[in-house]
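Student: Pasting a structure below so you can have a look.
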Ligand code: 5GP
């Protein structure tokens with residue numbers, strides 16, 4: 001969750017367009033796309049366009065307008081997907097103990113079904 005950003009991680013490649021994704025949403029702050037191995041009926045990954053390893057350096061280093069932009073975007077995406085009425089879950093895994101696999105900060109948006117009790 002800390003340490004230098006690896007510009008060759010899979011989400012960096014998706015951001016560059018080097019590998020494809022199923023895009024859901026894009027604005028100045030974020031790109032959102034379908035998780036390749038969905039854990040729920042809706043499973044969207046929301047990633048900042050700028051290079052942060054995890055929630056750890058994002059919250060330490062990102063300017064507040066970017067933090068706000070990313071979080072507002074996540075809410076908008078959920079709303080656009082029609083999830084507001086029934087609710088949903090937003091998760092971020094940070095670092096080794098958090099089970100983070102891809103070292104580019106991302107939010108998991110899970111919904112479209114009744115989710116099992118946390119943790120999922
Ligand atoms: P983490 O464990 O880092 O929080 O979650 C990484 C997520 O990225 C996993 O849910 C995994 O299924 C997803 N993922 C890994 N590689 C790819 C990929 O190449 N494309 C997409 N769309 N999702 C990926």
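Student: Tell me which residues, restricted to segment 14-51, are out of contact with any strand residue (DSSP E or B) (no Cβ under 8 Å at 6 or more places or on another chain) and closer than 12 Å to residue 103 by Cα.
Tutor: Listed by number, the list holds a single entry, 51.
Student: Would segment 92-110 turn up any residue that is on the phi > 0 side of the Ramachandran plot, surrounded by 15 or more Cβ atoms within 10 Å (Cβ to Cβ) and touching a residue at least 24 places away in the same chain (Cβ under 8 Å)? It would help to see each step written out before you state the result.
Tutor: Taking segment 92-110 first, the residues on the phi > 0 side of the Ramachandran plot are 95, 99.
In the following step, the residues that additionally are surrounded by 15 or more Cβ atoms within 10 Å (Cβ to Cβ) were identified as 95.
Applying the additional criterion that residues be touching a residue at least 24 places away in the same chain (Cβ under 8 Å) yields 95.
The answer is yes; a qualifying residue exists.
Every residue, every condition in (1) within 14 Å of the ligand (Cβ to nearest atom); (2) surrounded by fewer than 19 Cβ atoms within 10 Å (Cβ to Cβ), yes or no:
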| residue | (1), (2) |
| --- | --- |
| 6 | yes, yes |
| 11 | yes, no |
| 17 | yes, yes |
| 28 | no, yes |
| 35 | yes, yes |
| 41 | no, yes |
| 45 | yes, no |
| 53 | yes, no |
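Student: Could you please give the count of residues in segment 71-117 that are away from the ligand (no atom under 15 Å from the Cβ), assigned to a helix (DSSP H, G or I) and in contact with a helix residue (DSSP H, G or I) (Cβ under 8 Å, 6 or more places away or on another chain)?
Tutor: So the count comes out to 0.
No lab work stands behind these numbers, since they all come straight from the coordinates. Note that the coordinates shown come from a computational prediction; the quantities given were computed from them, not determined experimentally. Virtual Cβ from ideal backbone geometry, glycine too; neighbours counted across all protein chains shown.
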